[in-house]
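Taking it in order: structure first as structure tokens, then the write-up.
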Amino acid sequence: MTKQEKIEAVKAFHNRLRAEQEKGSTGVRGKLIDYVVRDFVMAHGVETEADIRCRPASKTDWTIRINGKTYHGETKTAAGGWKVTEPGIRAEDIYPKADFIAYAAEVDNVTEDNVPDMIFLLTRKQFIELLTVTGRKGLDSSLKYNQKRGTVEIQQWSVFNKKTQKWVSARLDKYYDYLEANEIPTLRDWVNAVRG
């Protein structure tokens, strides 16, 4: 794809997202971040119109080659979810095909320009551990099974307490504590480190 073709394809992608948002879609920001992460991680950026669109659930969102080996990654934001084949919450169902998870719990301030600095890059193992340690009852309180959709979804990181009329963000604080304690890099820092 030429530079001009990419510009046109990205413009069409933005128009599709705008139309989805006007219809009330809540997944627009996640789709935008998914594209931006893929474009940032790929050595030459997205090179086809298919690379701009979100990947089907059966495929990982992006790949990266490090020292001659291909690694697979997923991009997730906020309270996103994923399909599972059996009801319930099990660690082995959390992106079994992914080596890495690009993730941000809070996305209100994420823009197309600051994605590499607002998204954190975790190994799959770290992502599962993050969800485990941030839940009061481990994965069972960090995740919920949506029977209607057949998905497991990340619980909201902050909730509004109607009695006190305040936002409660104990899980969100644990999220940031985990990132800091484990020196989890931003996407930009991680890509710079693996590319040297």
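Rundown of residues vs (1) at pLDDT 95 or above; (2) aromatic (Phe, Trp, Tyr); (3) under 23 Å from ARG29 (Cα atoms); (4) surrounded by 13 or more Cβ atoms within 10 Å (Cβ to Cβ), yes/no style:
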residue	(1), (2), (3), (4)
ASN109	no, no, yes, no
LEU131	yes, no, yes, yes
LYS137	no, no, no, no
ASP140	no, no, no, yes
ASN161	no, no, no, no
GLN165	no, no, no, no
LEU172	no, no, yes, yes
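Filtering segment 143-172 to residues that are more than 17 Å from VAL133 (Cα to Cα), in a loop (DSSP other than H, G, I, E, B) and not small (Gly, Ala, Ser) leaves GLN147, LYS148, ARG149, LYS162, LYS163, THR164, GLN165.
Restricting attention to segment 173-188, the residues being assigned to a helix (DSSP H, G or I) and either closer than 14 Å to VAL37 by Cβ or not acidic (Asp, Glu) (or both) number 8. Go over the candidates ARG65, ARG55, ARG38 one by one and state the one that is of a type in the set (Lys, Arg), closer than 21 Å to THR186 by Cβ, modelled with pLDDT under 95 and not in a strand (DSSP E or B). Going through ARG65, ARG55, ARG38 in turn, the sole match is ARG38. Being more than 15 Å from the chain's Cα centre (by Cα), β-branched (Val, Ile, Thr) and modelled with pLDDT under 95 is a description that applies to THR48. The number of residues in segment 92-115 being touching a strand residue (DSSP E or B) at 6+ places or on another chain (Cβ under 7 Å), part of a loop (DSSP other than H, G, I, E, B) and among the hydroxyl-bearing types (Ser, Thr, Tyr) comes to 1. With (1) more than 27 Å from ARG16 (Cβ to Cβ); (2) not in a helix (DSSP H, G or I) as the list, and HIS44 as the residue in question, which single condition is left unmet? Every condition holds for HIS44 apart from (1). In the set ALA79, ALA105, ALA43, only one residue is surrounded by 13 or more Cβ atoms within 10 Å (Cβ to Cβ), modelled with pLDDT under 90 and among the small types (Gly, Ala, Ser); that residue is ALA79.
If we keep just the residues of segment 116-135 that are out of contact with any strand residue (DSSP E or B) (no Cβ under 9 Å at 6 or more places or on another chain) and among the polar types (S, T, N, Q), which is nearest to ALA181 (Cα to Cα)? If we take residues in segment 116-135 being out of contact with any strand residue (DSSP E or B) (no Cβ under 9 Å at 6 or more places or on another chain) and among the polar types (S, T, N, Q), then THR134 is nearest to ALA181 (Cα to Cα).
The values are calculated or read from the model by the stated rules, or taken from the named source; none is laboratory data. Model, not experiment: these values are computed from the prediction. Here the Cβ is made from the backbone with ideal geometry for all residues, glycine too, and neighbour counts use every protein chain on show.
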